[in-house]
Amino acid sequence: MRNGLFLLPVIALFISSCGNNKTPADPVSSSESTNTSAVPKELQELNEKIAKDTTNATLFYTRAKYYLNVRDFNASMLDMSHVMKLDSMKPDYYITISDIYLFGNHSSKCKDALEKCLSLDPKNTEAMIKLAQLYFYVKKYQESINMVNEALKIDNYIPKAYFLKGLNYKEAGDTAKAISSMITATEQDQEFYSAFEEIGAMYAAKKNKLGISYFDNALRINPKSVETYYNKGKLYQDLKDWDNAVKTYQDLLKMEPNHKHTHYNLGAIALVEKEDYSQAIKHFTDALTIDPKYVEAYYARGTCYFQSGDKVKAKADYQMAVQIDPAYQPAVEALKEF
């Protein structure tokens, strides 16, 4: 499963840190300061410095970045409003403001902030890449590619630029260029997990075994990635390499025992390829324990029961599938056999 995969790396490129959203703080002295034991040391020190020097833009900016990193966007913007009153001519300030607007889903204001940054510093590649990311986010793929190319004219060594270019090509339907761009990203940064994962996924979509090596590289960087293990196992399954598919899925379940799709796929392999009905039933039952409304698992388990001769349980599972989703045609058709 790769729900929302292409959007997450883009957002992650804007801000690498995250945390819990909090109530906005007072611009000069954090409201948390009344209980200093509850305030992180870094924030407490900033609050104390700001209280002593309320005209220091750098201190407000540092605290705004802190709030941004813990995803307290209201407090971050409040501090940035003070920064702008004190000094509105530093390009980096507008990049931070653009990050806040992005997470607030204010794409127009985000764009304005980045364009202001570029008006102050026309060769600011960070602003260019973020603007390209914004274009991608709003599905203006060619504009995004054009902006990436402008950044690369200034600095040809920007791994994120090639990754973003690849994402644009992927969404535009040009898989060959997408893979080529992302390979360049991995050549420039051999620890670029998202690029390896995306390349693997694109090869997997074509059922090309080259995807395995890219998934392996992604796992080298992030050995606990459930998503990559699942995608690798699914590619083995699509390639009909059943033993490696089963092994990969089993490795995944050691990390995440409640991964319903993995249980389902193991059940499908046991049912279709090995005709091991008892093992298949076990996996489909595990999937249903995790998600009692998993329609496909009810239908699949019903098929196991039907093929193994237990028509009573088969009918019950088909009926459950239809009860959950009356439009689920495989179960509707299966019930016509009774």
Against the conditions (1) surrounded by fewer than 16 Cβ atoms within 10 Å (Cβ to Cβ); (2) of a type in the set (S, T, N, Q); (3) more than 19 Å from the chain's Cα centre (by Cα), where does N105 fall short? Just the number, please. (3)
When residues of region 263-283 are filtered for being surrounded by 15 or more Cβ atoms within 10 Å (Cβ to Cβ) and either touching a residue at least 60 places away in the same chain (Cβ under 8 Å) or among the polar types (S, T, N, Q) (or both), how many remain? 2
Sole exception among (1) in a helix (DSSP H, G or I); (2) over 30 Å from I50 (Cβ atoms) for K123, by number: (1)
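Table: residues versus (1) of a type in the set (A, V, I, L, M, F, W, C); (2) modelled with pLDDT of 95 or more; (3) more than 35 Å from the chain's Cα centre (by Cα); (4) crowded, with 16+ Cβ neighbours inside 10 Å.
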site: T285; (1), (2), (3), (4): no, yes, no, no
site: T289; (1), (2), (3), (4): no, yes, no, no
site: Y294; (1), (2), (3), (4): no, yes, no, yes
site: Y299; (1), (2), (3), (4): no, yes, no, yes
site: G302; (1), (2), (3), (4): no, yes, no, yes
site: Y305; (1), (2), (3), (4): no, yes, yes, yes
site: M320; (1), (2), (3), (4): yes, yes, no, yes
site: Y328; (1), (2), (3), (4): no, yes, no, yes
site: K336; (1), (2), (3), (4): no, no, yes, no
For region 193-201, indicate whether the set of residues that are in contact with an Asp or Glu (Cβ under 8 Å, 6 or more places away or on another chain), of a type in the set (D, E) and either within 30 Å of T262 (Cα to Cα) or outside any helix (DSSP H, G or I) (or both) is non-empty. yes
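Go through region 130-145 and count every residue that is surrounded by 16 or more Cβ atoms within 10 Å (Cβ to Cβ) and over 20 Å from the mean Cα position of the chain (by Cα).
If we filter region 130-145 for residues that are surrounded by 16 or more Cβ atoms within 10 Å (Cβ to Cβ), which is where we start, we get 130-137, 141, 143-145.
Of the ones still in play, those that are also over 20 Å from the mean Cα position of the chain (by Cα) are 143, 145.
The qualifying residues number 2.
Can we say S76 is under 28 Å from I154 (Cα atoms), part of a helix (DSSP H, G or I), at pLDDT 95 or above and among the small types (G, A, S)?
Numbers: under 28 Å from I154 (Cα atoms): no; part of a helix (DSSP H, G or I): yes; at pLDDT 95 or above: yes; among the small types (G, A, S): yes.
For S76, the condition - under 28 Å from I154 (Cα atoms), part of a helix (DSSP H, G or I), at pLDDT 95 or above and among the small types (G, A, S) - is not met.
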Looking at region 265-288, which of its residues are touching a helix residue (DSSP H, G or I) at 6+ places or on another chain (Cβ under 6 Å), assigned to a helix (DSSP H, G or I) and over 21 Å from G211 (Cβ atoms)? G267, A270, L271, Y277, Q279, A280, I281, H283, F284, D286, A287, L288
Only one of A127, A113, A161, A185 is touching a Gly at 6+ places or on another chain (Cβ under 8 Å) and buried (at least 16 other Cβ atoms within 10 Å of the Cβ). Can you tell me which? A185
Residues of region 66-108 classified as small (G, A, S), in contact (Cβ under 8 Å) with a residue 12 or more places away in the chain and closer than 23 Å to S119 by Cβ, total: 5
May I ask you to list the residues in region 222-262 that are surrounded by fewer than 16 Cβ atoms within 10 Å (Cβ to Cβ), among the aliphatic types (A, V, I, L, M) and out of contact with any His (no Cβ under 8 Å at 6 or more places or on another chain)? M255
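The values are calculated or read from the model by the stated rules, or taken from the named source; none is laboratory data. All of these numbers come straight from a predicted model, not from anything done at the bench. Note that we place each Cβ from the backbone using ideal geometry, even for glycine, and neighbour counts take in every protein chain shown.
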